[in-house]
Amino acid sequence: MKFLPLRELDSINRALVFDTPDCRVVGGVDIYTTKAAGADKKLYKSICETISTRYEADLRLSESLSPPNRGSDSASKYQSAAVYQTLHSPFGPLDQISARRTFAYLIATLNASHPDYDFSTTLRPSDFRRERHIRPVMNNFNTTLFNLGVNISRELPKMWETIDKEMDLLNCNIYAYSPDDVSNDPYGDEGLIWSTNLFFFNKHKKRVCYLYLRGLSTLNHSPLERSLAGWGRNSRVGSDGWDESEGEDFNDDFIESKSIWGDDDYDDGFFEGMEV
């Protein structure tokens, strides 16, 4: 995964780091290309092989537990929960390469954002969920910020427009990850109280956008530590510099689509055949 240091996101990243009376909020929006480097290729291969091995093992277990001479409808009732999750993952059936690859992209994105932590050893596809519609996702994220005391219209007036410009949100698959066990989160030892993690994957643009918010206990962070933490995350763009080659990797034009701010009866084709 290659991090894209987009200047348009700087003000958003700064605004998503702030203090409340109850916690320290650390948020941000990072965009990566899915172009695999050497380490990514090894990670993708490892994840795909692990999923395939799990699926085959669970399938064998399922078959051993299924009574003989049963019809397909009856036998399906005896499938293990793991097999069911494999066949009905948020990414689609995991016996398909495209589904496994999408899962690998999200793991690689998390690993790139947290280079000292390996999510491939802790997360499974079932730890994610598929979000079916963009506007509820936007509304829930905005509501979280509002409840934390953020005046969105003043402090983040163009957050979604900026992300949409870079990602074409109507043509993104959206996934969410909320760890049930904070030990699976790299900030678990730093007083993590809650977290929201959203991923927007645009297959056509070969990009993943990672949008997140974390509430950290103020007891675990002195004012100096909080200042340095916010500076380190927001200064990454400056230290990496502006990558002029980004436009060479993606020459495709942004697709004209109906506005995500439009009326309720739009149909972008993404949700065709899905329950909404």
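Data for the structure
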| item | result |
| --- | --- |
| Residue within region 163-175 that is in contact with a Phe, Trp or Tyr (Cβ under 9 Å, 6 or more places away or on another chain) and of a type in the set (S, T, Y) present | yes |
| Boolean, A112 is under 30 Å from L211 (Cα atoms), at pLDDT 85 or above and surrounded by 14 or more Cβ atoms within 10 Å (Cβ to Cβ) | yes |
| Pair list, Cβ < 8 Å and 6+ apart or interchain, from region 93-119 residues that are over 17 Å from A176 (Cα atoms) and free of Cβ contacts under 8 Å to residues at least 12 places away in the same chain to residues that are open to solvent by less than 10 Å² (accessible area, probe 1.4 Å) and of a type in the set (G, A, S) | P93/A99 |
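The values are calculated or read from the model by the stated rules, or taken from the named source; none is laboratory data. What you are looking at is a predicted structure, and each value in this text was computed from that prediction instead of being measured. Glycine also receives a Cβ, built like all others from the backbone with ideal geometry; neighbour counts cover every protein chain displayed. These accessible areas exclude ligands, DNA and RNA; they are computed on the full protein's heavy atoms, side chains included. Shrake-Rupley method; radii C 1.70, N 1.55, O 1.52, S 1.80 Å.
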